[in-house]
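Reading through the structure tokens given below for one structure.
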Protein chains: 2
Amino acid sequence: MRRVAIVGAGQSRFGDFPGMSIKELFAEAYAECAASVDRGLSPKAIDAVFLGTLGTGGFQLGQPAALLASHVGLAEVPSVRLENACASGGFALLSAVYAVCAGVYRTVLVAGVEKMRDLSADHVRYWLGVSGDTEYERLAGLTFAGIYAMMARHYLSRYDVPRIYLSKVAEKNHAHGVLNKKAHLRRQISLEEAQNAPMVADPLNLFDCSPTSDGAACVLISSEDYAARFTDRPVWVLGYGAGGDHLALHDRRDWKSLVATRDASKRAYEMAGLGPTDIDLAEVHDCFTIAELLAYEDLGFCNRGEAPSLLDKGITRLGGSLPVNLSGGLKSKGHPLGATGVAQVVEMFLQLRGQAGDRQASKHRTGLTHNVGGSGGTAVVFILGRDLD
Amino acid sequence: MRRVAIVGAGQSRFGDFPGMSIKELFAEAYAECAASVDRGLSPKAIDAVFLGTLGTGGFQLGQPAALLASHVGLAEVPSVRLENACASGGFALLSAVYAVCAGVYRTVLVAGVEKMRDLSADHVRYWLGVSGDTEYERLAGLTFAGIYAMMARHYLSRYDVPRIYLSKVAEKNHAHGVLNKKAHLRRQISLEEAQNAPMVADPLNLFDCSPTSDGAACVLISSEDYAARFTDRPVWVLGYGAGGDHLALHDRRDWKSLVATRDASKRAYEMAGLGPTDIDLAEVHDCFTIAELLAYEDLGFCNRGEAPSLLDKGITRLGGSLPVNLSGGLKSKGHPLGATGVAQVVEMFLQLRGQAGDRQASKHRTGLTHNVGGSGGTAVVFILGRDLD
């Protein structure tokens, strides 16, 4: 297997930007990505553009990749859109990695974008709902918060876990997000505030839900033999894996675990020749707080039912031995669907290179990113690492 | 570069099926594909599912790949959707080929699906319109027929070509489609009928436009070392290439040629070590009749402005030396957007193996498929061949 390097990364601010189009959000991310390339980036070096988006908030449903590539001077560069709902960005990176490993392209720009804040509440519900099973979930009245609430109820009851552990995830991720100037909800919240927020879908309250956000993110990947043209300190893709499951919850084997995450991480660990104990830090898919608890267990960071103890011991908090979602996660940083999976890798690029400022992890040799499509119909995991000193 | 084999292929009927869902269309194509595998197909052999669709006619916009995979017993298999408007199917195959070449997967199911006939005329216009530039084309009132009409006017006037050559494409492709029991518009039309059809966007009349269709198509690809588990007579992917361009027509260098097609075919020819004169037959993207004329020239089948002579000489007709669109093409076979690029490869699989019945090409060693996204923002070309006897 050829090695693939990440040689640049950048993202737009995440948040509510009524005055910015998808083109402008993308251009902001692309500019930061280009500026991050140590030896500079000529647009001519880019062989292809892979874009992840659920649908750009409904604005440009066909060929958004060609539209955005052209907007930043990359017209006539082959482009393609990848879509797996909230994992669109992660799957765009995955397909780009395949293309570089296959020897077809040397350097690929991978991007994710979504513009959700222009939409009405009904329209947002529609754009989230289309990531579940249309016939048996969305049209039957099940919202996305409802789907995750069902998983949360099952998990809390099966392992006899108090609801406060959902709020502990929110409190932790907001504490991290305060340190990230790109974060959408950049404010500290107390455990009390998190517990007493208005109920959305019992047991998930408002502070258990990630926000809908506008945003874009980019990473530049390169084949091993070209990486040195861009930088002396690339971040390497050590392993990757994808997983799948039934789209509809009622068809699944299990509700307190995501088969797609388990399979994706198993494949990524195997390829990297590493295990969960080798991971120094992670960005996991906390679209709802319950999802972070499930991720701890599905990624092998702890045993079944023991996710709460990681929070109690501060293990997954900044300063802990395995900090999770130092960016603020989807919960505080924001969740512009297609951008999320790419932005996780942007954060890991900064962390592994020691460039994450106030939220820098102390150990930062090997990191994991975990991106879930909808309620777990698909998932993708990357294991990234820097060269040994 | 590892070799990739096509070891199975099948498609649903294309047409107007109000009683069939996207799941049922997909299942029909999958069943035919599975049945075409000489040594049989166990679902367990499928490592991943790559799906091309613009948006399943708006029905399941998020993670349709997971939904459809699960419907045919492939739940828990990683899946992903690729989208490049009308080239979604071709780009799904391209990304799947990357993944097999990268050594990640051994056997991948590639599918395309679209369900367009449930939509109102306004909704169809919307779903086609989203494949152009939303701001500067769709919202400004330009329809897709309008975009291709502008290209047609430019081509006809620049090379002083009479309008009848558009109708000759339609007449030829319907003559082929009559021989294809899967075709949507399976009827012969005379040159007079083609010329006298009601005008849609001058100079394109109704018979210059492909229909909106329901349909699905599947191909099964495999790495070289696994191909023999499925068949002794695989079809090989000899070369492939993608190209890109500005999404909006007004930004392009040229209107009488698609840069994306030229670049895609150049890359495919180079990889295959072949040129246009080595191609025995082709399936090209005739969404509008003008597009087939442009394709002849962009693919190097003739010089600039000489496409009409290929029609005059019968070269691209069944029995000619380089038959084009023996399936009937998008024009007669139908154009369910995401299915089209995959269905072109299904046709080539049959033709190269000598299984195309009444419409079988006499020479059938090397074939080319050509799939265009929208008005040419993206394009993908495959060169396929069978083993020498």
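Coordinate-derived values only; no laboratory data. This is a predicted model, so every value here is computed, not measured. Glycine also receives a Cβ, built like all others from the backbone with ideal geometry; neighbour counts cover every protein chain displayed.
See the values below:
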quantity	calculated
Unit charges on C-beta of K, R, D, E only; dipole of the protein assembly as shown, Debye	640 debye
Charge dipole of the range A:228-321 about the Cα centre (unit charges at C-beta), most positive-ward option of A:ALA282, A:SER265, A:ILE315	A:SER265
Cross-link table B:LYS313/B:LYS363; B:LYS115/B:LYS331; A:LYS115/B:LYS115, entries beyond 22 Å C-alpha to C-alpha	A:LYS115/B:LYS115
Cβ-based exposure ranking for B:CYS33, B:CYS101, in which fewest neighbours within 10 Å come first	B:CYS101, B:CYS33
Rg/Rg_ref, the protein assembly as shown, where Rg_ref = 2.2 N^0.38 Å and atoms are Cα	0.92
Whole-Å semi-axes of the ellipsoid equivalent to the range A:236-363 (Cα gyration tensor, √5λ, descending)	23, 16, 16
Only Lys, Arg (+1) and Asp, Glu (-1) charged, at Cβ; the range A:41-118 dipole about Cα centre in debye	100 debye
For the range A:1-135, with +1 on Lys and Arg beta carbons and -1 on Asp and Glu, the positive-most of A:LEU82, A:ALA96, A:LEU128 along the dipole	A:ALA96
Ascending list, in nanometres, of distances separating the B:GLU306 label from those of the other copies (7 Å, Cα toward Cβ)	7.4
Dipole magnitude of the range B:245-389, debye to nearest 20 (Cβ charges: Lys/Arg +1, Asp/Glu -1, about Cα centre)	120 debye
Quarter of the Cα convex hull surface for chain A, i.e. its orientation-mean projected area (nm²)	16.8 nm²
Cysteines without a disulfide-compatible partner [chain A; Cβ-Cβ under 4.7 Å]	A:CYS86, A:CYS101, A:CYS209, A:CYS287, A:CYS302
Cα convex hull of the range B:1-155 - mean projected area over all directions, nm²	11.5 nm²
Rounded Å value of the spacing that divides the Cα centres of the range B:363-389 and the range A:42-59	24 Å
A:ARG39 paired with B:ARG2, simple spin-label distance in nm, labels 7 Å along Cα-to-beta-carbon	3.0 nm
Per-pair calculated FRET efficiency, R0 = 22 Å: A:HIS123 and A:LYS181 via Cβ, rounded to 0.05	0.15
Equivalent-ellipsoid semi-axes of the range A:92-211, from the Cα gyration tensor, Å, largest first	31, 22, 17
C-alpha center-to-center spacing [the range A:116-194, the range B:264-294] in angstrom	49 Å
Set of aspartates and glutamates with alpha-carbon distance to B:LYS266 below 20 Å, sequence-local pairs under 8 removed	A:ASP47, A:GLU76, B:ASP245, B:ASP254, B:ASP278, B:ASP280, B:GLU283, B:ASP286, B:GLU292, B:GLU297, B:ASP298, B:GLU306
Helix-derived mean residue ellipticity, 222 nm - over chain B, DSSP H n ≥ 4, -39500 (n - 2.57), to 500	-10000 deg cm²/dmol
Selection from B:GLY305, B:VAL237, B:ILE164, by position along the positive dipole direction of the range B:159-312 (Cβ)	B:VAL237
Number of partner chain Cβ atoms within 10 Å, mean per residue of B:89-102	5
At 7 Å out from Cα toward Cβ: A:ASN196 inter-copy label distances (nm, ascending)	8.2
Cut-off 9 Å between beta-carbons: net charge of the residues surrounding B:ASP16, Lys and Arg +1, Asp and Glu -1	0
Ranked by how many other beta carbons lie within 10 Å on average, peptides B:89-98, B:159-168 from highest	B:89-98, B:159-168
